[in-house]
Amino acid sequence: DFAVFSPTDIERIEILRGPQSALYGSDALGGVINIITRKRTGAMSMTVAAEGGSYNTFGGNAAAGGSIGPVSLSVSGTLFDTNGFSRVGDRDNGEADGTKKFAGTARTSYNSGEGQAFDFGVTAYHQKSEVDGGSAAKYDLPGYERDRDVLTGFARFNFEGYDGKLNNQFSFFGSQTTSAYIEPNPRSTDTDGSDVGLEYQGTLDMGQAGTLIWGARAEQEAATQSTTTSVATASSFDMERTLLAVFAMQQFTLFDRLNLSLGGRYDEDVDGQGFLTGRATAAYLIDETGTKFRGSFGNAAKRPTMFQLFDGQYGNPDLVDEQSYGGDVGIDQELFDGRLTFSATGFYNNFTNLIEYQSKLLPDYPKSGYYNIKSAETSGLELSADAILWPSVLKATGSYTYLHAVNLDTNLPLSRRPENSGSLTLTYTGIEDFEFGVIATYVGDRYNNDAKTAAALVPLDAYTKVDLTASYKLNPETTLYARLENLTNVEYQDAFGYNNAGRSGYVGLRWTH
């Protein structure tokens, strides 16, 4: 859940595109976002930040950590409170839907320096939100509330063998989620979910033969849901499932220029379905010209979630696993002594049994809920560039995506997938200790729903949103920052009937020592 993280927790973010189930298993259907949290080592350090602004919003976060000998410790906390705006109906004058959240993390590690290491981490998260009952204006009423608590933790042991050529990693992980949705009827829906498991991963350095990664994973998911009204309590579901997996991947280099990988994985639901996935990649480097040619091909799968299967209102126990295969080819090019980096990627993906939410208002669907669309495909082109327009003064980052996403059974577009989208960021650093940025985001026309006929499609208008950011270092330890979001106050919706924030400004102060 991205809402758990504050910027002070994050060291870097890695994004892998395309089918990734061969290494990561279920859910890695279209890619993987890997958020690497910060491990504070060395001298003790601390960061504290606070900000406030539109919609009576206040946020704050703090983080501290460091190491003493082989032991390091990091702790952080964040809070956020806003009155919000009306998600349904009149955005600026309707009943506001506010939220409060609190999160804390702690992480410790031990590194012997002789090939043994231990990491342990825990995160706790609480959120209380006011929500509307649906996308129609008549649902813009006070009294709906959603409470959510999440607790996650992990422990990881690493030890080396064969003179450091083999790394063995054992990971234990677990999470507990509690959610309550309280309606004014009175009616309350309580959901509890848990996930516990362990994984082994071995990494063997085979010299000129490359690197071999292999491993196995076992986990158990459980979920219960019950709905209580003023007259009765009905259990919606109480289910659990045991999941097993084995995987392996070989990486090697030929001629000092051609990097290759080949991997595969088998996932099994002990009481359900299993799937086999694989992936192959290649990248050819021409250092003399700053050029990289790359390509990949693989297949992936995604299990239905417990909610999609068993929820009393929207669940469908007949859902089957999504399956996909696809590939991409691309080029990365550096020009003008590295002042310009350009990337272009063409991609294609084919999906079978794609899981989508469908409304009962559409033909052929007996109730609103989740259904398998028999076949769908996506294809397109991604372009991106980073340019230093004026050294130490002005730089630009841009991206554009053309996407063709279609339900092959109806030859109509898939929901909420714009054919054209892109962004452009300009960053000015020409004044010492001052940085200013302009971010423009464009999302093209798309449709809110999948439908059997073109007449039943619900359009969502294209929009362009402009944001401004600025920061100024008051001294080496203190930074004043501000941002203005949705500068032109454009009204737009990512899902039909649900508003996004209008023009809003925020100012904050960050201190680091």
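Model label points for Phe342 and Leu468, set 7 angstrom from Cα along the Cα-to-Cβ axis, are 3.2 nm apart. Quick check for me: using +1 on Lys/Arg Cβ and -1 on Asp/Glu Cβ, what's the dipole size of the chain about its Cα centre, in debye to the nearest 20? Once rounded to the nearest 20, the dipole reads 400 debye.
Each residue of region 336-346 was assigned a 3J(HN,Hα) from its phi angle through the Karplus curve 6.51 cos²θ - 1.76 cosθ + 1.60 (θ = phi - 60°); the sequence is 6, 6, x, 6, 10, 10, 10, 10, 9, 9, x Hz, with glycine and proline shown as x. 3J(HN,Hα) along region 496-506: 4, x, 10, 6, 10, 5, x, 4, 8, x, 9 Hz, from the Karplus curve 6.51 cos²θ - 1.76 cosθ + 1.60 with θ = phi - 60°, whole Hz, x for Gly and Pro.
Using mean Cβ contacts within 10 Å as the protection proxy, how do 53-62, 345-354 order, highest first?
So the order, starting with the most tightly packed, is 345-354, 53-62.
Extents of the chain, largest first, come to 68, 58, 47 Å (Cα atoms, principal axes, whole angstrom). Taking a Cβ cut-off of under 14 Å around Val122, the surrounding Lys, Arg, Asp and Glu residues balance to a net charge of -1, with basic ones at +1 and acidic ones at -1. The separation of region 433-460 from region 75-126, counted between C-alpha centres, amounts to 27 Å. Per atom type, the chain shows carbon and sulfur on 58% of its accessible surface, probed at 1.4 Å. Taken over region 275-426, the alpha-carbon convex hull comes to 146 cubic angstrom per residue.
When Val490, Val329, Val75 are compared by accessible area at a 1.4 angstrom probe, the order from most to least is Val329, Val75, Val490. Given +1 at the Cβ of Lys and Arg, -1 at the Cβ of Asp and Glu and no other charges, the dipole of region 57-123 around its Cα centre is 100 debye to the nearest 20. Basic side chains Lys and Arg get +1 at the Cβ, acidic Asp and Glu get -1 at the Cβ, and with that the dipole of region 426-487 about its Cα centre reaches some 300 debye.
With the simple model of a label 7 Å out from the Cα in the direction of the Cβ, Tyr266 to Val320 spans 2.0 nm.
Taking amide H atoms as placed 1.01 Å from N in the peptide plane, the amide H of Asn448 lies under 5 Å from those of Arg416, Val458, Leu460, each 5 or more residues away in sequence or on another chain. Taking 0.36 nm per residue of separation and subtracting the Cα-Cα distance, full extension of the segment from Glu11 to Tyr357 would add 121.1 nm. Length available on full extension from Phe496 to Thr253: 0.36 nm per residue minus the Cα-Cα distance, which gives 82.6 nm.
A simple spin-label model places the labels of Leu212 and His404 4.3 nm from each other, with each point 7 Å out along Cα-to-Cβ.
Placing unit charges on the Cβ atoms of the charged side chains and taking the dipole of region 424-513 about its Cα centre, the candidate lying farthest along the positive direction among Ala495, Leu468, Leu457 is Leu457. Taking amide hydrogens as placed 1.01 Å from N in the peptide plane, the amide H of Met46 sits under 5 Å from those of His513, each at least 5 positions away in sequence or on another chain. Subtracting the Cα-Cα distance of Leu276 and Asp238 from their residue separation scaled by 0.36 nm leaves 10.9 nm.
The values are calculated or read from the model by the stated rules, or taken from the named source; none is laboratory data. Computed from a predicted model, the values in this text were never measured in an experiment. All Cβ positions, even for glycine, are placed from backbone atoms using ideal geometry, and neighbour counts span all protein chains on display. Surface areas here come from the heavy atoms of the whole protein model, side chains and all, with no ligands, DNA or RNA. Shrake-Rupley method; radii C 1.70, N 1.55, O 1.52, S 1.80 Å.
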